[in-house]
Amino acid sequence: MPGKRLDEDERQLIAQFLWDGLGYSEIGRRLQRPASTIQREVARNGGHNNYRPGAAHRAAAERATRRMPAVDDLDIDEEAYSFDRSPGKVQEFHLRLVGVFRQTGLTRTAARILAEIFMTDKGSLSATELVLRLSVSPGTISRSTSYLEELGLLRSERDGKRMRYFLDDDLWYRAWLSSAERNALWSNTALDGSEIFGPATPVGERLKDMGQFFSFVVLEMEATRQKWVDFFEKKKRARGDA
């Protein structure tokens, strides 16, 4: 398995594979590296059409000799190699997880942020680390993390001069609770509309059916919520978190 940092031979192969027309995912598969590593390497060293392996390797060596590590030198692929994990499978799951988050209605950047933090063993990333991992501007990270915090999917704490973003253990419970609240809103709105249009009219009947459906869903979700709260409290006590 290759080391955590790209070596000169790997950079030569990247250049050759780019010349051959291969995409980042295929290059990553051949080098047993996450595709995101290849993409960042190329982006920070001239781009797809101007990547020069020799210059890229010299730049990496210069960064390594600096007194303080540059943002580019942050170790961002640790999770892909920890615990004997397969980098290729980690990358595939990462793409799958982002896709699932997108299907829930999240924006692309928000989905990528959530996936990056979720797949970090320490459960948190700084704003600087997110900028590096996603290759986007600090402003984009700021807007997207604020959006996720508003949804209750993320929380932030100041870590010195930087902001650090965390996932809580009850993240999915809080996201689910937000969904339950939306269902209750649908129910109340539909039932109110049924009364306004008249329950016996076609519109009123349609709204009444809709309202009753969501009312039923809300009741079932509340019963499930209580079961989960009881289970989760027992789990926390068992591992000494309470």
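The values are calculated or read from the model by the stated rules, or taken from the named source; none is laboratory data. Bear in mind the structure is a predicted one, so any value in this text is a computation, not a measurement. Cβ: placed from backbone, ideal geometry, glycine included. Neighbour counts: every protein chain shown. All accessible areas refer to the heavy atoms of the entire protein, side chains included, with ligands and DNA or RNA removed. Shrake-Rupley method; radii C 1.70, N 1.55, O 1.52, S 1.80 Å.
Any residue in the stretch 180-191 that's open to solvent by less than 100 Å² (accessible area, probe 1.4 Å) and of a type in the set (D, E): show its pairings with residues that are at pLDDT below 90 and assigned to a helix (DSSP H, G or I) at Cβ separation under 9 Å, as long as the two are six or more apart or on different chains.
Close Cβ pairs (under 9 Å, with a partner that is at pLDDT below 90 and assigned to a helix (DSSP H, G or I)) do not exist here.
Among the residues of the stretch 229-236, are any free of Cβ contacts under 8 Å to residues at least 12 places away in the same chain and surrounded by 14 or more Cβ atoms within 10 Å (Cβ to Cβ)?
Within the stretch 229-236, none of the residues are free of Cβ contacts under 8 Å to residues at least 12 places away in the same chain and surrounded by 14 or more Cβ atoms within 10 Å (Cβ to Cβ).
If a residue has to be among the hydroxyl-bearing types (S, T, Y) and modelled with pLDDT under 80 to count, how many in the stretch 136-178 make the cut?
From the stretch 136-178, those among the hydroxyl-bearing types (S, T, Y) are 137, 140, 142, 144-147, 156, 165, 173, 178; that's our starting set.
Still in the list and also modelled with pLDDT under 80: 173, 178.
So the answer is 2.
Taking the condition of being assigned to a helix (DSSP H, G or I) and on the phi > 0 side of the Ramachandran plot, how many residues in the stretch 3-33 meet it?
Qualifying residue count, the stretch 3-33: 0.
Show the residue pairs meeting these rules: Cβ distance below 7 Å; 6+ apart or different chains; first residue within the stretch 198-212 and of a type in the set (A, V, I, L, M); second residue assigned to a helix (DSSP H, G or I).
Once the first residue is of a type in the set (A, V, I, L, M) and sits in the stretch 198-212, its partners that are assigned to a helix (DSSP H, G or I) give V203/F197; L207/A190; L207/G193; L207/S194; L207/F197; M210/A190.
Within the stretch 151-172, which residues are over 18 Å from F118 (Cβ atoms) and of a type in the set (D, E, K, R)?
If the condition is that a residue be over 18 Å from F118 (Cβ atoms) and of a type in the set (D, E, K, R), then R158, D159, K161, R162 are the ones that fit.
Could you tell me which residue of the stretch 83-104 is nearest to L154 (Cα to Cα), considering only residues that are over 13 Å from the mean Cα position of the chain (by Cα) and open to solvent by less than 60 Å² (accessible area, probe 1.4 Å)?
Only one residue tops the list, namely V90.
From the list E129, E157, exactly one residue is over 14 Å from the mean Cα position of the chain (by Cα) and among the charged types (D, E, K, R). Which is it?
Working: E129 fails: over 14 Å from the mean Cα position of the chain (by Cα).
Checking each option against the conditions leaves just E157.
Before we move on, is R206 loosely packed, with under 12 Cβ neighbours inside 10 Å and over 17 Å from R174 (Cα atoms)?
no
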